[in-house]
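The values are calculated or read from the model by the stated rules, or taken from the named source; none is laboratory data. The structure displayed is predicted, hence computed values, not measured ones. In this analysis, Cβ positions are derived from the backbone assuming ideal geometry, glycine residues included, and neighbour counts consider all displayed protein chains.
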Amino acid sequence: MRKIVLWAVALCAAAATAQTYRNPVIPGFYPDPSVCRVDSDFYLVNSSFQFFPGVPVWHSRDLVNWEQIGNVLDRPSQLPLGEASAWLGIYAPTIRYNNGTFYVITTNVGPQAAGHNGNFLVTATDPAGPWSEPVWLEQGGIDPSLYFEDGRVYMTSNPDNTIFLCEIDPATGKQLTPSRAIWQGTGGRYPEAPHIYKKDGWYYLLIAEGGTELGHGATIARSRDIYGPYTPAPHNPVLSNFRMAAQGSSIQGVGHADLVDAPDGSWWIVALGYRTMGNGCHTLGRETMLAPVRWDEGAWPVVNANGTLDTLMTPPAMLPAAPVRKPAARTDFTKLKALGHEWVYLRNPRMENYALSGKGLTLKGTEVTLDGSGSPTWTGVRQTQHDFTATTAMSLDKAAPAGSEAGITVYMDGGSHYDLAVRSTADGRQEAVCTLRLQAVTHVFDAVPVKAGARVVLRVDGEPDMYIFSISTDGGRTFVPAGRANARYLSTETAGGFTGMTIGLFAVGRGAEATFTDFTYKTL
């Protein structure tokens, strides 16, 4: 009996001291993570598709807590997006460090002018920027990566659904050796996201297979020669939630991974995955996940013991916690000189239509609407949790032309967004109205009259399966319902694309001018 009591006490003590963390470690539309380490610092980048600036860059000291320190592509000369949709723009980047220089290699995919498509790399001595102008590369495919060894720089990518390898000059982009096919994966769709690592005399090649949906996963192979032949691991995929062990997890579509070692000798893997809403759909986009890796000498890496990950993780050990600053819930535009790194625009913005002053954030509308393929006057942040409340206080100039409008939008892409806006009518009045845009279907709720030029507060409440809109004309003390709509119609499964939900502020209509004094985004 005494042994049983002691065993129970020891078990309780171990449970009390067990360290845990939650996935995603970077919530919201932050897909295709790539990570590198410099001493005790980790740096991570994500895809950004049609949003500007592109490729958010993050810093952490514990792999769990991340702070955005900038955006890699923050100039139009680096990031011409043309009329890129949610399927196009900047695809999966890779970040690497070598001899005092950071490298990010990525792909610009879309209808941009000739010379601005394909794979390119940029460099910086400080990951917070500034980053160089693009150096364009010759080998095609997407999801390019870099590997450095003995003064040589190797590039991998996936033209023709095969992983190819070549040597390049990173200063000029010139290809120094012919492209050679080194692996096609294990037979899954879309072999992509190749990364090479060297450990214990082996070259390991980690890729993604299965497409970035339910069947997604990460597979690995190794060779004594960087050019192969590569032998696949017997337990592939090394990471996938397309398994019975993870069928009850809210996280699915796990894959597109990158490995990194920590200063204590431990190994970890970052990967994308998405959180479902309970009906098989997801709205938040593909997010950044983290899992521990056991990688014994000469052996294959084993992810999280069973090759899956979940929302609550209990690794064998963790790095010392290093909390970071998080963006404030409330943004007071009247006190800002510039928006934070988390704020983005649709495609290449016309910055003369955005102004910060003591009055707030003033947006000048144009003829480009939220439905269009140009760059409307719109700026927003990513939705990071299903349950949230977002509010903004704003006014539409009383002289705004008839038909112009400004407000807040829950935006997936040009064909799928829910808007709550103040608009001007033909007889000089103003009204608040909630509009649902669902591809070819548009639904408009009953309008709420407001005083022309008056300050109103617009609110969106998010739930896993619903968006609820309301308006206040008394400074936020009381709200009047304006509309509600099912979230699944904005999900990736319905709307398509590679992105996730954003919460944006906008103005539409030539001659329209609206001023927003603040924006609050609180997760519940």
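Does A393 count as outside any helix (DSSP H, G or I), of a type in the set (A, V, I, L, M, F, W, C), assigned by TED's automatic domain parsing to the domain that holds S424 and more than 26 Å from V72 (Cβ to Cβ)?
When the stated conditions are applied, A393 passes them.
Would you check if there is a residue in region 289-311 being under 21 Å from S48 (Cα atoms) and at pLDDT 95 or above?
Yes, that holds for at least one residue.
How many residues does region 413-440 hold that are touching a Pro at 6+ places or on another chain (Cβ under 9 Å), part of a strand (DSSP E or B) and of a type outside the set (A, V, I, L, M, F, W, C)?
Total satisfying the criteria: 3.
Considering only region 420-476, state which residues are basic (K, R) and free of Cβ contacts under 8 Å to residues at least 24 places away in the same chain.
R429, K451
Among the residues of region 78-101, what is the count of those that are among the hydroxyl-bearing types (S, T, Y), in a loop (DSSP other than H, G, I, E, B) and at pLDDT 95 or above? Give the steps one after another, and end with the answer.
Of region 78-101, the ones among the hydroxyl-bearing types (S, T, Y) are 85, 91, 94, 97, 101.
Adding the requirement that they be in a loop (DSSP other than H, G, I, E, B) leaves 85, 91.
The next check asks that each one be at pLDDT 95 or above; those that pass are 91.
Number satisfying all stated conditions: 1.
In this structure, is D387 closer than 30 Å to K199 by Cα, among the acidic types (D, E) and touching a residue at least 12 places away in the same chain (Cβ under 8 Å)? Give the derivation first.
On the way: closer than 30 Å to K199 by Cα: no; among the acidic types (D, E): yes; touching a residue at least 12 places away in the same chain (Cβ under 8 Å): yes.
So D387 fails the test.
Out of the strands (runs of 3 or more DSSP E) lying entirely within region 116-214, which hold 1 or more residues that are surrounded by 15 or more Cβ atoms within 10 Å (Cβ to Cβ) and touching a helix residue (DSSP H, G or I) at 6+ places or on another chain (Cβ under 9 Å)?
In region 116-214, 192-199 are the strands (runs of 3 or more DSSP E) which contain 1 or more residues that are surrounded by 15 or more Cβ atoms within 10 Å (Cβ to Cβ) and touching a helix residue (DSSP H, G or I) at 6+ places or on another chain (Cβ under 9 Å).
Against the condition closer than 17 Å to T435 by Cα, modelled with pLDDT of 95 or more, not in a loop (DSSP other than H, G, I, E, B) and not assigned by TED's automatic domain parsing to the domain that holds R286, how does V410 come out, does it pass?
yes
D310 is checked against (1) buried (at least 21 other Cβ atoms within 10 Å of the Cβ); (2) over 15 Å from the mean Cα position of the chain (by Cα); (3) of a type in the set (D, E, K, R) and fails just one. What number does that condition carry?
The failed condition is (1).
The rows are residues; the columns are (1) outside any loop (DSSP other than H, G, I, E, B); (2) in the same structural domain as E342 (by TED's automatic domain parsing); (3) in contact with a strand residue (DSSP E or B) (Cβ under 6 Å, 6 or more places away or on another chain).
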| position | (1), (2), (3) |
| --- | --- |
| A452 | no, yes, yes |
| Y467 | yes, yes, yes |
| G475 | no, yes, no |
| A485 | yes, yes, yes |
| Y489 | yes, yes, yes |
| E493 | yes, yes, no |
| G504 | yes, yes, yes |
| A507 | yes, yes, yes |
| G511 | no, yes, no |
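Please verify whether H256 is in a loop (DSSP other than H, G, I, E, B), touching a residue at least 60 places away in the same chain (Cβ under 8 Å) and within 15 Å of A218 (Cα to Cα), treating the condition exactly as stated.
Details: in a loop (DSSP other than H, G, I, E, B): no; touching a residue at least 60 places away in the same chain (Cβ under 8 Å): yes; within 15 Å of A218 (Cα to Cα): yes.
So H256 fails the test.
All but one of (1) farther than 30 Å from G497 by Cβ; (2) touching a Phe, Trp or Tyr at 6+ places or on another chain (Cβ under 8 Å); (3) polar (S, T, N, Q) hold for S157, so report the exception by its number.
So S157 meets the others, but not (1).
Out of L339, L284, I need the residue that is assigned to a loop (DSSP other than H, G, I, E, B), within 30 Å of L356 (Cα to Cα), in the same structural domain as P144 (by TED's automatic domain parsing) and not basic (K, R). Which one?
L284
Please work out which residue is farthest from P263 (Cα to Cα), limiting yourself to region 58-77 and to residues that are touching a residue at least 60 places away in the same chain (Cβ under 8 Å) and not in a loop (DSSP other than H, G, I, E, B).
N71
Any chance you could count how many residues in region 280-333 are among the basic types (K, R) and in contact with a helix residue (DSSP H, G or I) (Cβ under 8 Å, 6 or more places away or on another chain)?
Final tally of qualifying residues: 0.
Listed here are the residues, each with its yes/no results for (1) of a type in the set (V, I, T); (2) more than 21 Å from the chain's Cα centre (by Cα); (3) over 28 Å from G89 (Cβ atoms); (4) surrounded by fewer than 19 Cβ atoms within 10 Å (Cβ to Cβ).
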{"residue": "L339", "(1), (2), (3), (4)": "no, no, no, yes"}
{"residue": "G403", "(1), (2), (3), (4)": "no, yes, yes, yes"}
{"residue": "I408", "(1), (2), (3), (4)": "yes, no, no, no"}
{"residue": "D419", "(1), (2), (3), (4)": "no, yes, no, no"}
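Given (1) without any contact (Cβ under 8 Å) to a residue 24 or more places away in the chain; (2) surrounded by 11 or more Cβ atoms within 10 Å (Cβ to Cβ), where does D296 come up short, assuming only one miss?
The failed condition is (2).
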